[in-house]
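Visitor: I'd like to ask you about the structure that follows.
Taken together, the values in this text are just the output of simple stated rules run on the coordinates, not laboratory data. These numbers were taken from a predicted model, which means no experiment stands behind them. Here the Cβ positions follow ideal geometry from the backbone for every residue, glycine too, while neighbour counts run over all protein chains shown.
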Amino acid sequence: MIIAAIALIIFRKDKLKSLIAFLVIVVLSLFFGYESLLLDYESNTYIAEVYREPEEIIQNSGIYILAIGLSDIHYVDEEKMVRDIYERDGIQLFDLYKIKNRDRYNSKSKEIIHFLGFGKEQFHVMGENVKGFIREDIKVINDFLNRDNLRGDSAGLALGLSAMVHQSSLHNRIPLGVTGTLEPNGDVNQVGGIAGKMMISEQNGFPYIIVPYANREEAETVKARENLAIEILPVHHIDEAVMAIKELNDQ
């Protein structure tokens with residue numbers, strides 16, 4: 001940038017050369033700005049998947065949103081030290097991911113893309129899909145979707161089912177752990193964090209967990225590996241979840 005600036009001064013009377021020098025300065029300035037922003041990410045060494053309490057946003061609906069807590073670890077490079085910290089604090093740790101430079105660049109790139117308006121966070125897309133499915137303003141669901149500290153799209157199915165309970169088109173007396181995306185047409189798609197969500201459901205005494213069919217094999221593997229008692233209900237579409245809930249409640 002300094003060399004280009006000197007060239008711009010030297011060749012200021014030469015339109016072509018001064019234009020080239022100016023464009024070089026602009027391009028390098030953009031790169032410099034991008035790289036300097038990455039300094040905010042440099043201290044982030046791990047992401048921890050931890051226990052998060054299931055949430056029933058419609059009281060007495062029996063529909064519990066399953067989510068994994070994500071914690072950013074800073075300035076700690078040794079995995080054992082991180083695990084010892086969580087064990088000491090009594091926080092259940094499901095998994096630990098070491099942050100690589102590629103992850104930092106991906107995160108920063110996504111942030112810039114979203115800032116420029118080219119793309120939306122998964123959580124916001126999920127909110128639009130849920131609203132497109134329920135077609136009604138329900139305050140508790142809107143309040144949930146307006147939270148600032150949530151990520152991902154796995155609450156979609158639970159929100160759709162909760163809305164149906166609120167609308168009295170579905171009745172449920174059984175506590176159910178629910179995870180899965182929800183498209184405006186009711187389709188349910190794959191989500192992450194199944195192992196942790198299975199463990200959370202088991203620990204809270206849920207007799208059943210509803211998962212996307214695409215996660216069925218993973219859920220069954222976790223159940224066998226951890227010797228869990230919870231029953232898995234895989235679904236392709238929210239209608240299948242509704243039918244399963246009605247059968248469980250003998251409706």
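Visitor: Go through Leu28, Leu159, Ile65 and say which Cα lies farthest out towards the positive end of the charge dipole of the chain; charges sit on Cβ, +1 for Lys and Arg, -1 for Asp and Glu.
Guide: The listed residue farthest towards the positive side: Leu28.
Visitor: Taking a 31 Å limit on the Cα-Cα distance, which of the listed pairs Lys98/Lys197; Lys15/Lys108; Lys110/Lys223; Lys98/Lys120; Lys110/Lys131; Lys197/Lys246 fall beyond it?
Guide: Pairs exceeding 31 Å: Lys15/Lys108; Lys110/Lys223.
Visitor: Run lengths n ≥ 4 of DSSP H only: what is the helix-derived mean residue ellipticity at 222 nm for the chain, with -39500 (n - 2.57) per run over all residues, to the nearest 500?
Guide: -15000 deg cm²/dmol, from helical runs alone.
Visitor: Explain nothing, just the number: relative contact order of the chain, from Cα pairs under 8 Å at least 6 residues apart, as a whole percent.
Guide: Answer for the chain is 17 percent.
Visitor: Taking θ as phi - 60°, what are the ³J(HN,Hα) couplings along the range 67-76 by the Karplus curve (6.51, -1.76, 1.60), each to the nearest whole Hz, with x for Gly and Pro?
Guide: For the range 67-76, the Karplus curve yields 9, 9, x, 10, 10, 8, 9, 10, 6, 10 Hz.
Visitor: On to the next question. Could you give me the ³J(HN,Hα) list for the range 22-29, computed from phi with Karplus coefficients 6.51, -1.76, 1.60 and θ = phi - 60°, whole Hz, x at Gly and Pro?
Guide: Values, residue by residue: 5, 5, 4, 4, 4, 4, 5, 5 Hz.
Visitor: Then there is this: Mind pulling the per residue volume of the convex hull built on the Cα atoms of the chain? Å³ is fine.
Guide: 167
Visitor: How big is the range 94-228 on each of its three principal axes, counting only the C-alpha atoms and giving the largest first in Å?
Guide: 45, 41, 23
Visitor: Now for a different question. How much net charge surrounds Ile174 when only the other residues with a Cβ under 14 Å from the Cβ of Ile174 are counted, with Lys and Arg +1 and Asp and Glu -1?
Guide: That sum, taken over residues with Cβ under 14 Å, equals -2.
Visitor: Please give me, ordered by residue number, the trypsin sites (Lys or Arg not before Pro) of the range 115-189 that lie in loop per DSSP and have at most 15 other Cβ atoms within 10 Å.
Guide: Sites meeting the loop and neighbour criteria: Lys120, Arg135, Arg147, Arg151, Arg173.
Visitor: Treating the angle as unsigned and between 0 and 90°, give the value, to the nearest 10°, between the Cα long axis of helix 122-134 and the longest Cα principal axis of the chain.
Guide: With both axes taken from Cα atoms, the answer is about 40 degrees.
Visitor: What is the fewest-to-most order of Tyr97, Tyr75 by other Cβ atoms lying within 10 Å of their Cβ?
Guide: With the sparsest Cβ surroundings first, the list reads Tyr75, Tyr97.
Visitor: Relative to the first principal axis of the alpha-carbon coordinates of the chain, what is the inclination of helix 101-115, with its axis defined by its Cα atoms, in degrees from 0 to 90 and to the nearest 10?
Guide: For 101-115 against the chain, the angle is about 90 degrees.
Visitor: Among Ile3, Val130, Pro54, which residue has its Cα furthest toward the positive end of the charge dipole of the chain, with +1 on Lys/Arg Cβ and -1 on Asp/Glu Cβ?
Guide: Comparing the listed Cα positions along the dipole, Ile3 ranks first.
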